[in-house]
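The values are calculated or read from the model by the stated rules, or taken from the named source; none is laboratory data. Keep in mind that this is a model prediction, so the values were computed, not measured. As a convention, Cβ positions derive from the backbone with ideal geometry for all residues, glycine included, and neighbour counts pool all protein chains shown. All accessible areas refer to the heavy atoms of the entire protein, side chains included, with ligands and DNA or RNA removed. Shrake-Rupley method; radii C 1.70, N 1.55, O 1.52, S 1.80 Å.
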Amino acid sequence: MSGGAGGSERLSPPGGSLPVRVPPPARRGRVPAGRAPVGDACPRVPPPLSALGQNGLLLALVPGAGPPAGVEISEELQRAREEWETVEEIQSGLGGAAAMAAAPISFREALQFFQTAELGECRVRAGPRLGGSFRKKRAPRRRQGLAALLRFLFGPPRLQPQLREEQELALAMAQCALDDNESVHMRILQTIYKKLTRSCLGCPRYGAHWEELGFQGTDPGTDLRGTGMLALMQLLFFVMDPQMLPLALDIFKLSQHETQEFPFGIMSVNITRIVLQALREERLSRECNRRQQVIAVLNDLYAAAFLRLYRIWKGQHKTIADSCCLLKELELSTKRKPKQLLKSLEAFVNRGPTAEGPDPPSPPSPSSQELSFTGLCDLEGELRLV
């Protein structure tokens, strides 16, 4: 037997036949690219990207790149390049591939974000408390004598001190504007769109598709004046809660009715405004104290008010001309009878006997001359539909 360390061995079988050459064992770590070791079940290793980059067809698809030497761009290849550029433009409008693959966000996750976010400026604008010190825009008028006694006996109770922080968070969210640079804000927006349209795909940040959801224009952020991110958070709650989603989809479907259509997004913002004003006027303190919650009460009252509007709108065949009067009636019900609205929602969720009971008749519709659709009014206590 002979041969060097790197050579092959010659074996002479008996009988004087020709020697048989045995190949040397393969060295570990030196398997040629694109091949798997003999007897190994590993898949074939793809060629390196540098090799793919030398492919003339792929180079011809790269925008701005000239055709490689010896490669003619056919009509079919030019069409493929144009389709590829179109795909890139669509991805760019969606905010890139990351926006298309953005995972839906739950209400709990979004709320945790706001609980830990720096909302100093929003808290200052919301008032009346900041960091334990009272910040008052004007001194409240003290009730004296009979007025003070009536307030004590029959007026709404004060919110308990341990709930003030949660109340401040809700008021701060109402002062927080939609931020394109905040990923959580964008995920909230995308989740609302996907849930209402039942689409698996994302959508561009701006576009006419927001008008189809009932917002005023191509940017829903311009419709949040006075309600801020709280309006989107309540809409997120509406579509992400398993018990509320069927109701939300029914209302959205009604908003697209041929004769009873109404702007769903704007109506939602108006209902958030009504609920927010009830919180500011301490009309919800009794219920918040009982449940030891603030934001959950706000969300339930929002859904209850939307349920009442849906029943009246559908059952009495209301149209957009009735919207202002109906919103004013809804504001009175929310402030004066919040407990009754919440019970109606609870019965609806539990499918109790009163779940589909009749609603009291709404006041007569005003004449068209009395209606105003100039936009969301910044004055508290007055509601106008965009």
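Which entries in Lys253/Lys343; Lys195/Lys337; Lys194/Lys253; Lys195/Lys339 show an alpha-carbon gap greater than 26 Å?
Result: Lys195/Lys337; Lys195/Lys339 exceed 26 Å.
In terms of its C-alpha gyration tensor, the stretch 260-355 has an oblate overall shape, because the principal axis ratio a/c (a ≥ b ≥ c, square roots of the eigenvalues) is not below 1.5 and a/b does not outweigh b/c. Placing +1 on the Cβ of every Lys and Arg and -1 on the Cβ of every Asp and Glu, with nothing else charged, gives the stretch 193-270 a dipole about its Cα centre of roughly 260 debye.
Got a number for carbon plus sulfur as a percent of the stretch 183-292's accessible area, 1.4 Å probe? All intermediate terms of the calculation are to be shown ahead of the outcome.
Values: 2120 of 4220 Å².
Looking at the stretch 183-292 in its full context, I get 50 percent from C and S.
Distance from the alpha carbon centroid of the stretch 290-309 to that of the stretch 215-232 works out to 20 angstrom.
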